[in-house]
Amino acid sequence: MDGGLWLHRHVWLGRQLVHLVSVDRTLLEAFGRDCGLLLERLQYKPLKDPRTTIRREAWHWDLGGPVYPPHDPRIIVGESASSD
């Protein structure tokens with residue numbers, strides 16, 4: 001949560017999706033523009049920083065289909081990885 005971009009896998013209505021997330025909106029928007037993501041689809045959702053439990057501003061795009069990255073167990077961290 002110190003900046004940068006990350007992917008968060010989740011399942012919505014039985015469909016595997018991924019959120020492209022950042023607490024740095026400017027960085028996320030620039031990356032999205034370069035990838036052809038529509039700014040209108042960017043969503044705001046504060047996230048709790050696991051280190052401090054304080055909520056921080058964060059934004060994400062829902063990604064699915066051909067842009068969904070393949071599963072790679074080498075990049076899975078934490079307990080939530082086992083539930084996907």
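Throughout, read-outs are computed from the coordinates displayed, never taken from laboratory work. Quick caveat: nothing in here was measured; it's all calculated off a predicted structure. Every residue, glycine as well, gets a Cβ built from its backbone with ideal geometry; the counts of neighbours run over all protein chains shown.
Could you list, in sequence order, the residues of the stretch 5-40 that are touching an Asp or Glu at 6+ places or on another chain (Cβ under 7 Å) and without any contact (Cβ under 8 Å) to a residue 24 or more places away in the chain?
Once the filter is applied, which keeps residues that are touching an Asp or Glu at 6+ places or on another chain (Cβ under 7 Å) and without any contact (Cβ under 8 Å) to a residue 24 or more places away in the chain, the stretch 5-40 yields only Leu39.
Among the residues of the stretch 51-64, write down those that are loosely packed, with under 13 Cβ neighbours inside 10 Å and either in contact (Cβ under 8 Å) with a residue 12 or more places away in the chain or touching a Ser or Thr at 6+ places or on another chain (Cβ under 9 Å) (or both).
Scanning the stretch 51-64 gives Arg51, Arg56, Glu57, Gly64.
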